[in-house]
2 protein chains.
Amino acid sequence: MTESDAKTEGTTPGPSVLVVGTGAIGAFYGGKLAQAGAAVSVMCRSDYDVVRAHGITVESTLGDFHLKPVAVVRHAREVPEPPQIILVATKVIPEMVDVSALIAEAVGPETAILLIQNGIAIEDPVVGAFPSNEIISGLAFICVTRTAFGRVVHQDFGRLTVGCYPEGTSSRTQALARLFSSVGVPCEESANIVTDRWRKLVWNAAFNPISVLGGGLNTREILESAGALKLVRRIMAEVCLLAEADGHPLPSGTVEANIEGTRAMKPYKTSMLLDFEARRPMEVEAILGNAMRAARRLGVPVEHLEVLYVLLRLADVKNRLG
Amino acid sequence: MTESDAKTEGTTPGPSVLVVGTGAIGAFYGGKLAQAGAAVSVMCRSDYDVVRAHGITVESTLGDFHLKPVAVVRHAREVPEPPQIILVATKVIPEMVDVSALIAEAVGPETAILLIQNGIAIEDPVVGAFPSNEIISGLAFICVTRTAFGRVVHQDFGRLTVGCYPEGTSSRTQALARLFSSVGVPCEESANIVTDRWRKLVWNAAFNPISVLGGGLNTREILESAGALKLVRRIMAEVCLLAEADGHPLPSGTVEANIEGTRAMKPYKTSMLLDFEARRPMEVEAILGNAMRAARRLGVPVEHLEVLYVLLRLADVKNRLG
């Protein structure tokens, strides 16, 4: 594969974008936007020096590429003028600095905020902080890992779904879909992104916790255990009930389609398991906590989900703090 | 504390006892029976040479003592004549050699088989193999650990409950209660030992799995988590329902009494957690598997128990085999 420098210098036809969080997701999608002609700046902290000096190199199955940002900043106040799009790709964990506070000084009246993050209801705090800005919610289906500061490896997939939050599409989502598609990243607009988030949660809420609590299992090991598979089905059924109660009914074959889809995949370690093994915080609240809160609000019994939530929260703390 | 040799030589007033399994439980209670005047032989495998040469030393809060068995054998066929009592104190795990096969050649028509083991319904295979022998079921409330071959440390408690299986008491249970009590081990007879096993399972089924699945928690850490405590209560309630459906109703305050009792204890690592940390097999089947099978037989829904069972079984395999 050849490495081609993303064109970010000089006048660009694309929008100005500020990427917040230069982990794997931010680097990959930010880099792709730069490749598509966007003027991409990045905001980062721990990896600031490396990214400022060298940019970010992405080894990708789509062809390696390099992101040389227009600007690298530590704080939103260093951004000279509000970007057209702020791409937020940070992990959704309580210990994370509040995203809204992090970006506030860079948000102008015309800035759209694109959240490419896991979980359910993760948009609400941002909507609360910026009620008159366009909030675009994005779901990434991708295997991508940061292997070092300034270095990301994209192993598989890459598809993106974007939609206005809480619903609809806009000229901005259309432009994003075109930009990403122009550089080989399948990107579809969704008029019902919350439904899509529930659909993705069906998989995440089942496979992620079981992979960790079962002692470190990949997807195949889960599928091969009759007991685990039964538990997967029950969790998925609970999430389907939740989605329906939330006004986002999923197709009747959703559970089996998820299981068959997983069977067709190579054995795969979930993101929670990777985080757990590296003793990093897991996205317990975004994936399970917010689902539990929705269940409480909607009065839906989700007993299996709750057991996993309780155990995983305990295991997360113990894993990090001893 | 002084170390006193258990008197097992010469003519003894006590019964002849064969202890099967010289782990912590077998060594402690076998040693105490020897101290009380029983003629105690032991059957062991991995620690045969050490025990044969040096016997077993027990450091105990009740005073240190030493068990010098009348005989140390590897196989039941080496036992010259059937003992009056066979004390089985092996761990109840599927990988364990079948206890009945292990002891068959030492069982005479008058031999009583005393099972001091964890779990529920653990007597059934033994009853099936020796239908005309007296089966005595015993529950130990004790903190005791084998620290090396031939070396056991008794940290706390020690109380024993014994009863005929499935119910009643006998001259043998009475004799055992007297023997143990004579050497400082509180031992009460129970006419409803199955009820007592359900009662003990209330605690075990809740605290053991959560201690492991929660990432390695002691009893205090479990009690201090609102989520974990709620889960503890639900599991305990399910076991109470099971016990009742099995014809062994427990007192209405059982759940809260268990929680209060645990609060009053020093923070404590469960036996499953100790096994898990040492990468030894956990007693998943004896404690949860048999409860699940009872639930299926009795038609009692035990959803929380089932989640823990599935996850713990997976974690157990992964923990030992990678």
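The values are calculated or read from the model by the stated rules, or taken from the named source; none is laboratory data. Computed from a predicted structure; not experimentally measured. Reconstructed Cβ throughout: ideal geometry from the backbone, glycine too, with neighbour counts over all protein chains shown. Areas reflect the complete protein model, heavy atoms only, side chains present, ligands, DNA and RNA absent. Shrake-Rupley method; radii C 1.70, N 1.55, O 1.52, S 1.80 Å.
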Open item on the list: Assume the label is 7 Å from Cα along Cα to beta carbon: what separations in nm does B:Arg77 have to the matching positions in the other copies?
Closed with: 8.7
Task: Scattering profile of the stretch B:119-174 at q = 0.28 Å⁻¹ [log10 I(q)/I(0), Debye over alpha-carbon scatterers] - done: -1.05
Task: DSSP-assigned coil residues among chymotrypsin sites (Phe, Trp or Tyr not before Pro) in the stretch A:23-93, each with at most 11 further Cβ atoms within 10 Å - done: none
Open item on the list: I want to verify the translational diffusion coefficient of the stretch A:105-231 in µm²/s; compute it with Stokes-Einstein, Rh as the Kirkwood radius over Cα pairs, at 37 °C and 0.692 mPa s.
Closed with: 199
Open item on the list: Restricting to Cα pairs below 8 Å that are 6+ residues apart, what does the relative contact order work out to for the stretch A:16-191? Please round to a whole percent.
Closed with: 22
TODO: Can you tell me the dipole magnitude for the stretch A:195-321 around its Cα centre, using point charges on the Cβ only (Lys, Arg +1; Asp, Glu -1), in Debye to the nearest 20?
DONE: 260
- [ ] For the stretch A:110-153, run through the GluC sites (Glu not before Pro) and keep only the ones in DSSP coil with at most 15 other Cβ atoms within 10 Å of their Cβ.
- [x] A:Glu110
Task: Rounded to whole Hz, the Karplus (6.51, -1.76, 1.60) HN-Hα couplings of the stretch A:175-191, x for glycine and proline - done: 4, 4, 4, 5, 4, 5, 4, 5, 10, x, 9, x, 9, 10, 7, 10, 7
Open item on the list: Give the A-B buried accessible area in Å², both sides summed, 1.4 Å probe, nearest 100.
Closed with: 2000
Open item on the list: Can you give the local net charge around B:Val20? Use residues other than it whose beta-carbon is closer than 14 angstrom to its beta-carbon, Lys and Arg +1, Asp and Glu -1.
Closed with: 0
TODO: Would you calculate, for chain B, the mean residue ellipticity at 222 nm contributed by helices, counting each DSSP H stretch of 4 or more residues as -39,500 (n - 2.57) and dividing by all residues, to the nearest 500?
DONE: -13000 deg cm²/dmol
- [ ] Relative to the compact-globule scaling 2.2 N^0.38 Å, provide the ratio for the alpha-carbon radius of gyration of chain A.
- [x] 0.97
Task: Kirkwood estimate for the stretch B:244-297, i.e. one over the average of 1/r between Cα atoms, Å - done: 13.7
Open item on the list: Could you tell me the calculated FRET efficiency between A:Glu303 and A:Glu277, based on Cβ-Cβ distance and R0 = 30 angstrom, to the nearest 0.05?
Closed with: 0.60
- [ ] Would you mind giving the mean number of other chain beta-carbons within 10 Å of the Cβ of each residue in B:301-313, as a whole number?
- [x] 5
Open item on the list: Apply the Karplus curve 6.51 cos²θ - 1.76 cosθ + 1.60, θ = phi - 60°, to the phi angles in the stretch B:209-222 and return the couplings in whole Hz, x for Gly and Pro.
Closed with: x, 5, 4, 7, 5, x, x, x, 10, 8, 4, 5, 4, 5
TODO: Can you send over the carbon and sulfur percentage of the accessible area for the protein assembly as shown, probe radius 1.4 Å, protein chains only?
DONE: 53
TODO: Pop out a list of residues from the stretch B:228-263 that are at least 20 Å² less accessible with all the protein chains around than in their chain alone; 1.4 Å probe, no ligands or nucleic acids counted.
DONE: B:Lys230, B:Leu231, B:Arg234
Open item on the list: Can you tell me the length gained on complete extension of the stretch A:Asp49 to A:Ser252, counting 0.36 nm per residue apart and subtracting the Cα distance?
Closed with: 68.1 nm
TODO: Evaluate the charge dipole of chain B about its Cα centre and quote only its size in Debye, nearest 20, assuming +1 on the Cβ of each Lys and Arg and -1 on the Cβ of each Asp and Glu.
DONE: 560
TODO: Send over the Kirkwood Rh of the stretch B:196-295, from the inverse of the averaged 1/r over different Cα pairs, rounded to one decimal Å.
DONE: 13.7
Open item on the list: Need one number: nm distance between label points at B:Ala226 and B:Ala191, each 7 Å from Cα along Cα→Cβ, rounded to one decimal.
Closed with: 4.6
Open item on the list: Can you give me the distance in nm between label points at A:Arg296 and B:Glu260, each placed 7 Å from the Cα along the Cα-to-Cβ direction?
Closed with: 2.8
Task: Gap separating the Cα centres of the stretch B:196-232 and the stretch A:248-322, nearest whole Å - done: 21
Task: DSSP-defined beta bridges in the stretch A:16-191 - what % are antiparallel, rounded to 5 - done: 35
Open item on the list: Could you put B:Glu224, A:Glu238, A:Glu188 in order of accessible surface area, largest first, with the 1.4 Å probe and the full protein assembly present?
Closed with: B:Glu224, A:Glu188, A:Glu238
TODO: List, in order, the whole-Hz ³J(HN,Hα) value for each residue of the stretch A:30-44 obtained from phi through the Karplus relation with A = 6.51, B = -1.76, C = 1.60 and θ = phi - 60°; use x for Gly and Pro.
DONE: x, x, 5, 5, 4, 4, 7, x, 6, 8, 9, 9, 10, 10, 8
Task: Inter-probe distance in nm under a simple model that places probes 7 Å from Cα toward Cβ, at A:Ala71 and B:Ala71 - done: 9.0
- [ ] Mind computing the radius of gyration and Dmax over the alpha-carbon atoms of the stretch B:203-249? Å is fine for both.
- [x] 11.6, 35
Open item on the list: Give me Rg/Rg_expected for the stretch A:16-191, where Rg uses Cα atoms only and Rg_expected = 2.2 N^0.38 Å with N residues.
Closed with: 0.93
- [ ] Mind pulling the per residue volume of the convex hull built on the Cα atoms of the stretch A:159-244? Å³ is fine.
- [x] 100
Task: Taking only Cα atoms of the stretch A:276-322, radius of gyration then Dmax in Å - done: 11.7, 36
Task: DSSP beta bridges in chain A [antiparallel fraction, %, rounded to 5] - done: 35
Task: Under 5 Å, built H, 5+ apart or other chain: amide partners of B:Glu134 - done: B:Ile113
- [ ] Put a label point 7 Å from Cα along the Cβ direction on B:Ser182, then list its distances to the equivalent points in the other copies in nm, shortest first.
- [x] 9.5
Task: the protein assembly as shown: antiparallel DSSP beta bridges as a percent of all, rounded to 5 - done: 35
Open item on the list: Take the residue pairs A:Lys266/B:Lys230; A:Lys318/B:Lys68; B:Lys32/B:Lys200; B:Lys32/B:Lys269; A:Lys68/A:Lys318; A:Lys32/A:Lys200 and return only those whose Cα atoms are more than 32 Å apart.
Closed with: A:Lys266/B:Lys230; A:Lys318/B:Lys68; A:Lys68/A:Lys318
- [ ] Identify, among A:Phe207, A:Met272, A:Asn290, the residue whose Cα sits farthest towards the positive end of the charge dipole of the stretch A:195-321, taking +1 on the Cβ of Lys and Arg and -1 on the Cβ of Asp and Glu, with the dipole about the Cα centre.
- [x] A:Met272
Task: All Cα pairs of the stretch A:34-85, percent lying beyond 15 Å - done: 50
TODO: Work out Dmax and Rg for the protein assembly as shown from the C-alpha atoms and quote the Rg first, both in angstrom.
DONE: 31.0, 104
Task: Most to least packed among B:262-272, A:81-91 [average Cβ atoms within 10 Å] - done: A:81-91, B:262-272
Task: Given charges at beta-carbon only (K, R positive; D, E negative), |dipole| of the stretch B:16-191 in Debye - done: 440
Task: Counted charge near A:Leu176, where neighbours are those whose Cβ lies closer than 12 Å (Asp, Glu -1; Lys, Arg +1) - done: 0
